[in-house]
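Participant: Have a look at this one.
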Amino acid sequence: MYELTDVRKSFRRGEATVQALDGVDLTIDKGDFLAVQGPTGQGKSTLLLLLGGLDRPSSGSVGFEGRDLAKLSEAELAGLRASEFGFVFQTFNLIPTLTAQENVETALVPTSVPVHERHDLALAMLDELGLADRATHLPSELSGGQQQRVAIARALVKKPRVLLADEPTGNLDEKMRDEIIGLLEQLWVERGLTLVVVTHDSAVARRATRLAVIENGRIRESEPSGQVPVSS
Amino acid sequence: MYFTYIRRELRRRLKQSLVIAFGLAIGIALVITVSSASAGVKSAQRQVLHSLYGVGTDMTVTKSATRNQAGPQRFGGFGAAPRSQSGGARHLSRNVLHTSFGSSTLPASDVAKVGSLSGVAAASGGLVLTNTSFSGVIPSGNSRGSGGFGAPSGTTRPSFSLDSFTVDGIEIGENAVGPLTRSQVTSGSYFSADDSSAKVAIVSKTYARQHSLKVGSKVVVAGEKLDVVGLANVSSGAAEVYVPLATAQKLANLEGKITTVFVSVSSASKVSSVASKVKAALPSATVSTSADLAKRVSGALSSASSLTDSLGRWLSIAALAVAFLVAGLLMVAAVSRRVREFGTLKALGWRTRRVVAQVVGEGLALGLLGGLAGIVLGVAAAAAISAAAPSLTATVGSTFATGGGGFGGFGGNGPAGGARPFGGAQDVLVHLTAPLQAHTILIALLLAVAGGLVAGGFGAWRAARLRPADALRSVG
């Protein structure tokens, strides 16, 4: 599904130039559950942004289904983000002024789903994740775990083929962490997603089928240990 | 989703939203107030001009007295005044109807000459006169004759009184143009066709009140008693008594003469060209349009006009500019704080233009809110001015305004409508209002929309430039 070839990414931070990725080669197949691990500031999030078409590499190619994301126009990338990629963030990134249901609906705005259907689809997605009774609550009225589930609902309501999660359990306690990662695993199996999770948490990384470790802007694959498949 | 998002977002930053809306409201309220006050001042100026011209008059044709002309009819001196004698004292009295000092007459045939010019809708002749009455007592034993005022001790001191009022002789036909219209007569009746040379008069309500006159009373003009047939509502600068033209000509010994041709033009755009034609037809006459007269208006009204036109306008522009700038900067700041939010929306597939539309929508909503508040404030301020109706005086320039030699020079621009008593400047009292006009409200709304677009535009520019990657790059 993904074919990254000699991907480099650098950006300026004040006076200094940061080399986030320095020649990354990576293949991600359809249906993979890949965990990307590494210390802070090593380029994990940058890799995720490149996979989601939210950033362009300084050099190299990011192939997705035979198309180089680096060469696509902004409109084409927006189209892919609207239909193919779902994102989950560490800080949930819910719109604070919109209810849980409205937040989920924001993912359907750029799609061709008619307005009157968005409402029902959003509610159904929340219901699937056990949040139907929280549909009219604002993010400030939800717990961390509930907010992250709303974010996952938002990511999946448009039925993407790829789910990109950046430290999805980073802001959660241990119990919530297990709950959320378990939920992601379940959805990965049920929906046949290609799941890429960026994490610094080994407990999360162990749940993946593949593990890539980023160090100094370069990637190496490792064997995840103790992966427990979730029965469908 | 679009409107819900806008509404919730503006409520979330309520304080900032109110600051932006309030700033815009002040600017727009100022625009409405200044525009309305300016319209009120112009209306007051028209009132001033109408009080001298008459409603429907676009220009007047007059003639100034030249240095060598007799000028106004002379008062005749004391020697010509009727005298009576009693107990040794001499009583003098004189009642004269005369043209104003500094003005001369035109032949009545000039009316037809002007009326025949193309572009002229109507032309009427008029006599602008002053009735002056003098009475006095010269005690006996005074050897200095008519010029003497000294009295030996122990005898009666001389005493004199001088009184005057303005009289306009007007044409009374159906198509007559001039300083008095039928609709201004609020008591009694206007002149009938049979009154063309009758001894009748219409008196201003103010003059009637001051002299206890009513319909049916007698008013003495040039020593003749005239029947008061009507009372008229006229402004403070207008004449006090109106008589048919032929009657005025007879009383003033000015048969076949007029002081003024009142002209109505068929179209406002033709005033200038018609004025030129009249000037060519009557080279020795002075043609004054309302524009000419407006230049000679001074006094509090003139100051108010300058105030609204210059200071008022610039104040409004400055207030609006500051409001737009503050609104724009606040919107940029707000967008900067929502970088992660907009980055997330782009991650969900929102196109930049959709994000921009959201920000512009927020700006527009604030603009409309500020506009509505501004309209309410502006309307209230204009209503307050109209309710207070402050009095302003307008002084219309004197006959010596263009001095062809100071006191003795009468050449050049004479006064429109003939100068009033003794050739001095004329004071007209008007009440300032601030009428609201539909186009002012429309302009206010457009400014509100513009303000919203400017504010939203600033924010949208910031939103369009932000890179979602920078917004979403997690730290830690």
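The values are calculated or read from the model by the stated rules, or taken from the named source; none is laboratory data. Everything quoted here is computed from the prediction, not taken from an experiment. Note: ideal-geometry Cβ built from the backbone for every residue, glycine included; neighbour counts use all protein chains shown.
Participant: Mind counting the residues in the range A:8-57 that are in a strand (DSSP E or B) and either within 14 Å of chain B (Cβ to nearest Cβ) or small (Gly, Ala, Ser) (or both)?
Facilitator: Number satisfying all stated conditions: 12.
Participant: Further, regarding this structure: Can you tell me which residue is nearest to A:THR136 (Cα to Cα) among those in the range A:80-95 that are at the interface with another protein chain (Cβ under 7 Å from one of its Cβ atoms) and without any contact (Cβ under 8 Å) to a residue 60 or more places away in the chain?
Facilitator: Of everything passing the filter in the range A:80-95, A:ILE95 is nearest to A:THR136 (Cα to Cα).
Participant: Among the residues of the range A:159-201, how many are within 12 Å of A:GLN148 (Cα to Cα) and of a type in the set (Gly, Ala, Ser)?
Facilitator: 2
Participant: If you don't mind, another one. What residue, among those in the range B:299-351 that are outside any helix (DSSP H, G or I) and not charged (D, E, K, R), is farthest from the other protein chains (Cβ to nearest Cβ)?
Facilitator: Residue satisfying both the conditions and the ranking: B:GLY299.
Participant: Based on what the data block shows, is A:ASP6 surrounded by fewer than 23 Cβ atoms within 10 Å (Cβ to Cβ) and within 14 Å of the chain's Cα centre (by Cα)?
Facilitator: So A:ASP6 fails the test.
Participant: Taking B:GLY371 as the residue in question, decide whether it is closer than 30 Å to A:GLU105 by Cβ and either in the same structural domain as B:ALA25 (by TED's automatic domain parsing) or outside any helix (DSSP H, G or I) (or both).
Facilitator: Answer is no for this residue.
Participant: Taking the range A:23-53 only, how many residues are in contact with a strand residue (DSSP E or B) (Cβ under 8 Å, 6 or more places away or on another chain) and either aromatic (Phe, Trp, Tyr) or surrounded by 15 or more Cβ atoms within 10 Å (Cβ to Cβ) (or both)?
Facilitator: Selection size over the range A:23-53: 21.
Participant: Being more than 11 Å from chain B (Cβ to nearest Cβ), part of a strand (DSSP E or B) and buried (at least 21 other Cβ atoms within 10 Å of the Cβ): is that true of A:LEU163 here?
Facilitator: The answer is yes for A:LEU163.
Participant: Assigned by TED's automatic domain parsing to the domain that holds B:ALA198, at pLDDT 90 or above and within 19 Å of B:VAL177 (Cα to Cα) - does that describe any residue in the range B:222-230?
Facilitator: yes
Participant: Hey, does the range A:167-174 have a residue that's polar (S, T, N, Q), within 20 Å of A:VAL36 (Cα to Cα) and within 14 Å of another protein chain (Cβ to nearest Cβ)?
Facilitator: yes
Participant: Suppose we keep only residues that are within 14 Å of chain B (Cβ to nearest Cβ) and in a helix (DSSP H, G or I) within the range A:108-124. Which one would you say is farthest from the chain's Cα centre (by Cα)?
Facilitator: A:HIS116
Participant: Output yes when any residue across the range A:127-149 is in contact with a Gly (Cβ under 8 Å, 6 or more places away or on another chain), more than 12 Å from every other protein chain (Cβ to nearest Cβ), in contact (Cβ under 8 Å) with a residue 24 or more places away in the chain and not in a loop (DSSP other than H, G, I, E, B), and no when none is.
Facilitator: Checking the range A:127-149: at least one residue is in contact with a Gly (Cβ under 8 Å, 6 or more places away or on another chain), more than 12 Å from every other protein chain (Cβ to nearest Cβ), in contact (Cβ under 8 Å) with a residue 24 or more places away in the chain and not in a loop (DSSP other than H, G, I, E, B).
Participant: With among the hydrophobic types (A, V, I, L, M, F, W, C) and in contact (Cβ under 8 Å) with a residue 12 or more places away in the chain as the only criterion, which of B:ALA323, B:ALA280, B:ALA318 stands out?
Facilitator: B:ALA323
Participant: Return the residues of the range A:62-79 that are facing chain B (nearest Cβ under 8 Å) and under 16 Å from the mean Cα position of the chain (by Cα); say none if nothing qualifies.
Facilitator: Answer for the range A:62-79, where residues must be facing chain B (nearest Cβ under 8 Å) and under 16 Å from the mean Cα position of the chain (by Cα): just A:ALA78.
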